[in-house]
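Written out below as structure tokens is the structure these notes cover.
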Amino acid sequence: MRLGKPLVASTALALITASAATAQTLTIATVNNGDMIRMQGYSSQFTEQTGINVEWVTLEENVLRQRVTTDITTNGGQFDIMTIGMYETPIWGANGWLVPLDGLSDAYDVDDILPAMRDGLSHDGTLFAAPFYGESSMVMYRTDLMSAAGLEMPNAPTWGDIRNAAEAMHDPANDVYGVCLRGKPGWGEGGAFITVTANSFGARWFDMDWNAQFDQPEWEEALSFFVDLMNSYGPPGYATNGFNENLSLFQQGRCGMWIDATVAASFVTNPAESSVAESVGFALAPDNGLGRRSNWLWAWALAIPAGTQQADAALQFIEWATSKEYIEMVAANEGWANVPPGARTSLYETPEYLEVPFAQMTLDSINAADPTNPTVEPVPYVGIQFVAIPEFAGIATEVSQEFSAVYAGQQSVQQALANAQALTNDAMEAAGYR
Amino acid sequence: MARAVTTRRKLATTALAWGIGLLIFFPIFWTILTSFKTEAQAINNPPLFWGFDFTLENYTVVQERSNYMRFLWNSVIIAGGSTVLGILVAVPAAWSMAFVPSRRTKDILLWMLSTKMLPAVGVLYPISLLFVQFGLLDTRVGLILVLMLINLPIMVWMLYTYFKEIPGEILEAARMDGAGLKEEILFVLTPMAIPGIASTVLLSIILAWNEAFWTLNLTAARAAPLTAFIASYSSPEGLFYAKLSAASTMAIAPILILGWFSQKQLVRGLTFGAVK
């Protein structure tokens, strides 16, 4: 009996500690990009506001995709929020793998999300992921080298302008190459770049009956142009250069031009990282006079997998991380150049942000991209640098390997296109499209 | 004359061995060196061997952003646990195959090895489904089991070749002196096979420590070991080579030190038999 009170007290204490220990924790899968790292740093503020803890699982991009796909398809339920892109969102949403984001609050102002981003992250009009940051692609060039060559970069250049500028700035004896572009195999690396280039040359992946189009003259023209441009004015070994490799080359002052993700603008203009920060200009991605520019559209977005037990808390976090208030908080602490770009209309109506040198060109590039109408000829698919069908990642990775073999001098343009044609048609037939 | 040739040859082989050794060690050396540079210096061209500002900032950032101790502890438990469990199964298995072989022993050995010929990703879905079914996702127990099973064929093979070289007569003599099966394995076989068991243990620890497919695919936040710690510093859009190098250095340091101190056993186990 004497033990009664202490026993009750200690049981109560144990219960309290137990409940404290099981306080709600969200597990978030993400990639190690600068803006995400910043978000991790600020997530303690979210915990303070809501009492919800946050655990981060940061993975390499391809591992993340594999990991997250396995988790969704086996109903593993390991993650409450996942960082995914514009390619996966509509496909996964259609499969019922994601929780629709229709419970967003009025204060969140979902209509403020840039229309291109909102469309790309929806399926049948339902939003399945909220953009954390968005990007298109554009030309980044060295203003000092251009003026030394007596040239001026138009705001909306053609591929001919790019070629002329590359020729003028190319100076391999001093380790400066006219233009740096992606050649690395992988659907999201070199595959994305050659696809948007082909779009601007009037090529397309499929006709309206899902027949591969690599046997058409537009593809040969696009690929031959790219290979010739890079062999003449590109850095050696460009067949293995992706985003990070080219970023490193550009920051060291070894590229006259670099056409890539708009998000790179904040890196190459940051004096702490870039030796050419003071002399970078921006222009729209080039076209070929056919009415389609070679710029893509992408978003890193937060989505809730259908297997989670904590959908409400997850939605709360997504609202916090992709809100106007989050952008203002980052701006107040780290300056406007460091806020996550390309997600909200209101950001581009903020006068302070428009003073950032690359802000307007980023917005113009995003607005110039139309995922529902990406090519000169009509296509049965949505997506600019990708085709939003589940089979695409596998097929395009193989196709980009064929193309990289051309860049490395291992086969001819014609041979690569013939291989790409055959393997794409085979895969599409096996998948039941043809 | 003969002596001169020998010296020259000796010099040549020594130089060659050093050359190969340095070549193999260079990537590790470069990783460690890069971890003390700033991000801008890490991508400098030409590469900087000296003359850079030595900084510990990357280590500070990595410490702030990640809970290193939790990853380390998970690695220790998973590598240690799978090794202990593996040895408990592999020693009796190798003993029976080496000393009481049947007609099918050779086939079984080959069959065991053949499981290593399938790429891991081939069984990703079955294993994931089993893990979901048994609630083993993101648990250390689950990883211990999987890594033990993955390394088991190699452990059995190593111990088997080792035990094969122990003369059966010694064990026979022990049996004639009245030793039972337990005594035979524990007091006669094991002491003779200690170097072999030690190198098997070391190899198993190293393999489990470095395993980066299952440890990435079957974990999330709780059971993730150092492989996940390294992976979290790789970036698709951004250059963080110096921080990645710092994370890699922190991840390989424990196993590098263990390998350094036990290299004698390791080399002996990998190159010699039990009785020479």
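A short reminder: the numbers here are calculations on the coordinates, not readings from a lab. Predicted, not measured: the structure shown is a model, and the values here were computed from it. Cβ: placed from backbone, ideal geometry, glycine included. Neighbour counts: every protein chain shown.
Computed from Cα atoms, the angle from the helix B:2-34 axis to the main principal axis of chain B rounds to 60 degrees. At q = 0.18, 0.20 Å⁻¹ the log10 of I(q)/I(0) for region A:287-415 amounts to -1.13, -1.18, computed by Debye summation with a single uniform scatterer per C-alpha, solvent ignored. Rounded to 0.05, the FRET efficiency of the B:Gln133 and B:Leu110 pair, given R0 = 30 Å and the Cβ-Cβ distance, is 0.45.
With charges only on Cβ, +1 for K and R and -1 for D and E, what is the dipole size of region B:67-271 about its Cα centre, in debye, rounded to 20?
Values: 13 positive and 10 negative charges, 50 e Å.
Here the size comes out at about 240 debye.
Tally Lys and Arg at +1 and Asp and Glu at -1 over the other residues with C-beta under 11 Å from the C-beta of B:Leu218: what net charge comes out?
On the way: positive: A:Arg67, B:Arg140; negative: A:Asp71, B:Asp138, B:Glu211.
With Lys, Arg at +1 and Asp, Glu at -1, the net is -1.
Look at the dipole of region A:54-140 built from charges on Cβ: of A:Ser122, A:Thr73, A:Val99, the Cα furthest out on the positive end belongs to A:Thr73.
For peptide A:54-65, what's the mean number of Cβ atoms from other chains within 10 Å of each residue's Cβ? Walk me through the numbers on the way to the answer.
Details: counts 1, 4, 5, 10, 10, 8, 8, 4, 2, 8, 3, 0.
Going residue by residue through A:54-65 and averaging, the value is 5.
Could you compute the FRET efficiency for A:Asn373 and B:Phe187, with r as their C-beta to C-beta distance and R0 at 56 Å, rounded to 0.05? Spell out each step's value before the answer.
On the way: r = 80 Å, r/R0 = 1.43.
E(calc), rounded to 0.05, equals 0.10.
As a length-normalised measure over Cα pairs under 8 Å and 6 or more apart, the relative contact order of region A:15-132 settles at 24 percent.
Here's the picture: charge each Lys and Arg Cβ at +1 and each Asp and Glu Cβ at -1 in the protein assembly as shown, and of B:Ile257, A:Tyr353, A:Gln251 the one pushed furthest to the positive end of that dipole is B:Ile257. For region B:67-271, pairs of C-alpha atoms spaced more than 29 angstrom apart make up 35 percent of the total. Compute the distance from the alpha-carbon center of region A:214-255 to that of region A:100-169, in whole Å. About 20 Å separates the Cα centre of region A:214-255 from the one of region A:100-169.
Rounded to the nearest 10 degrees, the inclination of helix B:241-261 to the longest alpha-carbon principal axis of chain B is 30 degrees.
Peptides B:32-45, A:127-140, A:253-266 ranked from most to least packed by the mean count of surrounding Cβ atoms within 10 Å: A:127-140, A:253-266, B:32-45.
Model label points for B:Leu22 and B:Val100, set 7 angstrom from Cα along the Cα-to-Cβ axis, are 5.5 nm apart. Between the DSSP loop rule and a limit of at most 13 other Cβ atoms within 10 Å, which chymotrypsin sites (Phe, Trp or Tyr not before Pro) in region A:42-118 are left? The qualifying sites: there are none.
Take each residue of peptide B:228-235, count the partner chain Cβ atoms within 10 Å of its Cβ, and average: the result is 6. Taking the C-alpha atoms only, the angle from helix B:140-164 to the longest principal axis of chain B is near 50 degrees.
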